[in-house]
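Participant: Take a look at the following structure, please.
The values are calculated or read from the model by the stated rules, or taken from the named source; none is laboratory data. Everything numeric in this text was worked out from a predicted model, so none of it was measured. Here the Cβ positions follow ideal geometry from the backbone for every residue, glycine too, while neighbour counts run over all protein chains shown. Note: accessible area is taken over every heavy atom of the protein model, side chains too, but ligands, DNA and RNA are not part of it. Shrake-Rupley method; radii C 1.70, N 1.55, O 1.52, S 1.80 Å.
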Amino acid sequence: MDIPSTPLMILPIAADSIQEVTNMPIDPICKREVPPDTPYTSDQDGKTYYFHDPECKKKFDDVAKNIVRVKRSLKDKEKISFGRLRKDIIKPGICAACGACAASCPSIIMEGEKPKLIGPCTACGICYNQCPRTITTEEGLVGSIRHPYAARSALKGVRGQDGGVVTSLLAYLLEEGLLDCAIVTVKSEDDPWKPVPVIATTYDEIIESAGSIYAHSMTIQALMNAVQQGMRSIALVGPPCNIDAVYKIYKSPYGLLHMFMRANILPLGLFCMDTFSYEGIEEFVASRHLELKDIESMKIWRGKIELEKGGETFVYDLSELDPYRSSSCKYCTDLTARHAAISFGGVGTPDGWTTVFTRSGRGYEIFHEAVEMGYIESRDLEEKEMTRVLNLARMKKVQKYSLIRREK
Ligand SMILES: Cc1cc2nc3c(=O)[nH]c(=O)nc-3n(C[C@H](O)[C@H](O)[C@H](O)COP(=O)(O)OP(=O)(O)OC[C@H]3O[C@@H](n4cnc5c(N)ncnc54)[C@H](O)[C@@H]3O)c2cc1C
Ligand code: SF4
Ligand code: SF4
Ligand code: SF4
């Protein structure tokens with residue numbers, strides 16, 4: 001977002017608050033007392049400000065104009081109130097007490113080292129956008145995106161977690177001979193809903209692997225095995241932490257470069273807010289008098305966990321799974337797998353669709369080819385859908401700062 005710079009040191013002071021101290025209004029620029037009948041006045045946010053001379057009035061009006069300009073540039077964006085600044089930054093204790101928020105709005109004062117709202121808030125978002133501790137750019141929240149889409153499978157018989165897009169893309173790549181294999185995750189035959197990473201080399205194996213399992217899957221181990229077996233072109237599906245492992249293996253001077261000189265990896269990232277321990281999910285399900293082996297589908301979305309059994313759906317608040325949340329996930333701030341070639345998630349789009357971010361050139365090309373070849377149906381992601389993703393990404397980023405609060 002391109003925000004014009006504002007000379008923040010010129011603080012607008014409301015005339016009525018000054019009058020409590022002295023009978024004469026004070027010019028907010030030169031700080032001198034001014035007769036109330038001065039011809040130089042300005043009205044802002046329902047208050048009148050009095051000036052000593054035209055110079056002071058001009059300086060004040062210039063700041064006001066800048067604020068109006070910033071407000072205009074933020075007008076069509078999502079509404080962000082002081083409440084968001086309080087929730088994300090002030091309450092968790094990561095406010096640096098720089099005073100930028102108070103300097104940009106007459107409704108905020110610094111009370112000691114704490115910003116406090118003392119007047120009306122129009123949710124213009126200005127204070128949030130000045131704060132050095134917030135993350136406000138789209139790239140800061142979700143990484144660099146070539147193009148965002150809403151998509152769903154165009155293949156018969158694909159029952160994905162959301163739109164079945166990951167599975168359909170893999171099916172296309174394999175059928176076109178562009179892949180030797182894909183590292184996907186399936187349910188263990190012995191322990192239902194326990195994730196098992198596998199090397200899929202056939203169309204049927206890919207179709208079988210559709211759906212999400214909400215526990216850590218050791219995909220990198222399977223990747224190593226695939227390379228050792230002589231696979232050269234490999235897609236790896238995983239949440240951001242798995243994709244980061246691939247990224248590091250490529251980029252780090254101490255990474256397993258020797259392995260990748262023989263293999264070409266396509267990292268396909270899944271959005272991810274949290275995972276839970278397999279044993280924890282098992283315990284939770286048992287506590288609801290259900291058995292994991294009977295659960296046909298599991299979906300976590302909109303703060304709920306939905307379990308399906310024999311045509312019946314059981315819905316629980318996700319907070320009930322809190323005790324089983326993987327501790328590593330508390331330290332994770334990437335929702336959308338910023339290092340993937342393409343990222344896929346459920347948030348943003350309607351039920352039955354997948355949100356897709358193409359990122360790399362290669363990711364963009366293969367996604368388009370799969371659409372052209374009739375494997376996937378796609379449309380551009382709408383702005384309101386993107387806003388939902390950005391909101392969740394922001395929540396995950398600031399969650400890191402709220403660790404102490406969450407642990408209480
Ligand atoms: C642990 C986890 C947490 C998630 N959290 C969110 C979230 O908070 N918000 C959100 O919008 N989306 C989340 N997702 C992504 C979402 O559930 C879907 O995977 C995504 O929208 C793609 O849907 P699809 O129908 O196109 O994929 P499908 O066609 O169903 O393909 C899903 C692919 O994911 C692979 N997979 C399944 N489980 C795992 C696993 N544990 N590790 C690695 N790969 C796996 C499968 O093998 C398959 O290839 C999460 C996914 C996982 C696995
Ligand atoms: S700058 Fe805007 S969002 Fe922030 S407190 Fe003032 S009116 Fe509210
Ligand atoms: S701008 Fe941010 S860091 Fe600075 S005082 Fe306000 S809340 Fe604190
Ligand atoms: S929240 Fe982060 S650490 Fe946890 S599984 Fe998802 S990507 Fe990995």
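Participant: Quick check: from the Cα gyration tensor, does the chain come out rounded (a/c under 1.5), prolate or oblate?
Facilitator: Prolate shape, in that a/c is at least 1.5 and a/b is the bigger ratio.
Participant: Next up: If the cut-off is 20 Å between C-alpha atoms, which lysines fall inside it for residue 293, apart from same-chain ones fewer than 8 positions away?
Facilitator: 187, 194, 309
Participant: For residue 59, give me every one of the aspartates and glutamates with a C-alpha distance below 19 angstrom, ignoring sequence neighbours fewer than eight places off in its own chain.
Facilitator: 27, 33, 43, 45
Participant: Right, something else. If we sort 313-322, 271-280, 292-301 on the protection proxy, mean other Cβ atoms within 10 Å, highest first, what's the order?
Facilitator: By packing density, highest mean first, the sequence is 271-280, 292-301, 313-322.
Participant: If you average the alpha carbon positions of the stretch 210-226 and of the stretch 251-310, how far apart do those two centres end up, in angstrom?
Facilitator: 8
Participant: Let me ask something else. Which of the lysines could be linked to residue 330 by a straight reach, that is with a Cα gap under 19 Å, when you skip same-chain ones fewer than 8 residues away?
Facilitator: Partners found: 87, 91, 304, 396, 397, 400, 408.
Participant: Once amide H atoms are placed 1.01 Å from N in the peptide plane, what residues at a sequence separation of 5 or more from residue 44, or on another chain, have their amide H within under 5 Å of its amide H?
Facilitator: Counting only residues 5 or more places away or on other chains, the set is 49.
Participant: Further question on the same structure: Relative to the longest principal Cα axis of the chain, at what angle does helix 219-228 sit, 0 to 90 degrees, rounded to 10?
Facilitator: It works out to around 50 degrees.
Participant: Let me ask another. Ignoring ligands, DNA and RNA, what accessible area per residue does the chain give at 1.4 Å, in Å²?
Facilitator: On a per-residue basis, 51 Å².
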